[in-house]
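> Dropping a structure here in structure tokens format, bear with me for questions.
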Amino acid sequence: MVDHTGMIIPLVLYFILIMGIALWGSRTAGKRSDTKGFMEEYFIGSRSMGGFVLAMAIITTYTSASSFVGGPGVAYNVGLGWILLSMIQVPTAFLTLGVLGKRFALIARRTDAVTITDFIRARYGSDAVVILASLALLVFFMASMLAQFIGGARLFESITGYSYQTGLLIFGFTVVVYTTVGGFRAVVLTDTIQGVMMLFASLAILYAVITAGGGVENIMQTLYSIDPRLLTPTGGGNAIPKPFILSFWVLVGIGILGLPQTTQKCLGYKDSRSMHNAMIIGTFVVGFTMLAMHLVGAMGRAVIPDITVGDLAVPTLTVRLMSPFWAGIFIAGPLAAIMSTVDSMLIMCSAAIVKDLYFHYVVKNDEARLSPKKVRGMSVIVTAVVGVLVFFAAMKPPSLLVWINLFAFGGLEAVFFCPTLFGLYWKRANSTGAVLSMICGASAFFWFNITKTSVGGTTAIVPTLAIAVAAFVAGSLLGRPESAEKLKMFEI
């Protein structure tokens, strides 16, 4: 029987640390007496991120329960082919910052954009586009947070021996409180700490698996004896078909340019040097982490071959192969990845409702009617409500949370990919194209998923993005061009 007591102590200390950071972030935000200054501090940390912090903020927001629990769980069942597939995600930071970073930062400063929706409002000048973007963000973020809550609760369940519901309550309460109290600055600082923990956790768990399996060569021989298909790139041609690989290149390759949770970070860095450093650091961190954690899942099959639920592979391997105290320390790595994804989404949900909708449409940008104290109060309420809704949805979790996360990724890309990318690089882009792209993209994505219709064996995201791009181009060509005065603000 596993002694869980020693595992709880390092986790409690970890929770205390991030709560302390949240209180520090709260005091920093509280020093801003004007409403707009407070919002800039609370939602993007006064644009002060350096290179290392920016890299960790982007990567820890992108990596999540899917990267540390769901993905390795699939690798446990499918084998080495899923590792090859997961490495498509390596250029995440490089692609995001290289394509979007400089333009986003310059335009955000010119337009006083604090959120991705602020950029969309400034670029298209359309209430319809802004409202559609805000609603889509809330819907798909809640789906993604559902996957993170499930992953966090399962990890806590495996570590402590308490029930799934207890783990869900403790995990949910912790992440909601420190996000609400600390704001963006606390989020990115905790993301930095969590990113470092992710690296050490990945290395430690991988070492434990290789040691327990008697070395890499012995592990591979054992996997071959279990099922030779575990060593093939496509899982024997059935588990990972080639059209699915193409879909993954779109979903977690080029499609990440449409993920608002990562593009949002492009608004908050300090200078060009910080961006360039973050591109290098971020590429290394995500590459190492993805490779290590998916190797843990695939090779773990040779060490403990009787795990029936893929999502429990990493927690089970960690608990069984490491001493209780060190397991408690290093399991905080996957837990950190999950928390760092949830906190970014929570604060963006709060920004969407408080900043993008209420401040702009209800009080009409009148700072006298929305003081910093009221912003904080509303953010607490919004974050709590969103957290409670996701909590109840997570009470009866599905078997593989990786698919929930991929669904949320696809939905966000269907809505935000074209307005973001074309808005930055195509002068002809206008609100007509943006509205058509958002509606057609979201509708197509839901239709392909609900009807299980496949185009050439690909997943829903491939035809969805094709439809969204076609709708955007057609709408922009048919609609009225934006004024030359407005477009001048977006020239780089």
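> Can you report the number of residues in the stretch 221-230 which are touching a residue at least 24 places away in the same chain (Cβ under 8 Å) and either among the small types (Gly, Ala, Ser) or crowded, with 17+ Cβ neighbours inside 10 Å (or both)?
4
> In addition: Within the stretch 471-485, is there a residue that is under 27 Å from the mean Cα position of the chain (by Cα) and among the β-branched types (Val, Ile, Thr)?
no
> From the list Val181, Val130, Val176, Val139, which residue is modelled with pLDDT under 80, in a helix (DSSP H, G or I) and either open to solvent by 30 Å² or more (accessible area, probe 1.4 Å) or closer than 30 Å to Ala484 by Cα (or both)?
On inspection, the qualifying residue turns out to be Val181.
> Moving on. What number of residues in the stretch 441-492 are outside any loop (DSSP other than H, G, I, E, B) and either of a type in the set (Lys, Arg) or touching a His at 6+ places or on another chain (Cβ under 7 Å) (or both)?
Going through the stretch 441-492 one residue at a time, the tally reaches 2.
> Take Phe417 and tell me if it is part of a helix (DSSP H, G or I), hydrophobic (A, V, I, L, M, F, W, C) and open to solvent by less than 60 Å² (accessible area, probe 1.4 Å).
Judged against the criteria, Phe417 is a match.
> Within the set of pairs 6 or more residues apart or between chains, which connect a residue that is over 18 Å from Met339 (Cβ atoms) and open to solvent by 20 Å² or more (accessible area, probe 1.4 Å) inside the stretch 3-30 to a residue that is at pLDDT below 75 and of a type in the set (Val, Ile, Thr) with Cβ atoms less than 8 Å apart?
Cβ pairs passing all conditions: His4/Ile159; His4/Thr160.
> Condition first: closer than 15 Å to Phe200 by Cα and open to solvent by 50 Å² or more (accessible area, probe 1.4 Å). Now tell me which residues in the stretch 282-323 satisfy that.
Phe284, Phe288, Leu291
> Would you call Ile210 farther than 29 Å from Phe52 by Cα and modelled with pLDDT of 75 or more?
Taking the combined requirement at face value, the residue satisfies it.
> Moving to a separate point now. Being β-branched (Val, Ile, Thr), open to solvent by 10 Å² or more (accessible area, probe 1.4 Å) and part of a helix (DSSP H, G or I) is the requirement here; does Val69 meet it?
no
> Moving on to the next point. Kindly evaluate Ala239 against the criterion of being within 22 Å of Val69 (Cα to Cα), open to solvent by 10 Å² or more (accessible area, probe 1.4 Å), of a type in the set (Gly, Ala, Ser) and at pLDDT 85 or above.
no
> Next question, about the same structure. Tell me yes or no: at least one residue of the stretch 316-327 is more than 13 Å from Pro72 (Cβ to Cβ) and among the basic types (Lys, Arg).
Looking for residues that are more than 13 Å from Pro72 (Cβ to Cβ) and among the basic types (Lys, Arg), one finds at least one in the stretch 316-327, hence yes.
> Taking the stretch 96-112 only, how many residues are buried (at least 21 other Cβ atoms within 10 Å of the Cβ) and closer than 15 Å to Phe359 by Cβ?
Final tally of qualifying residues: 0.
The values are calculated or read from the model by the stated rules, or taken from the named source; none is laboratory data. Because the structure is predicted, anything quoted here is derived from the model rather than measured. Cβ sites come from the backbone with ideal geometry, for glycine too, and all protein chains shown count toward neighbours. The accessibility values were calculated without ligands, DNA or RNA, using every heavy atom of the protein model including side chains. Shrake-Rupley method; radii C 1.70, N 1.55, O 1.52, S 1.80 Å.
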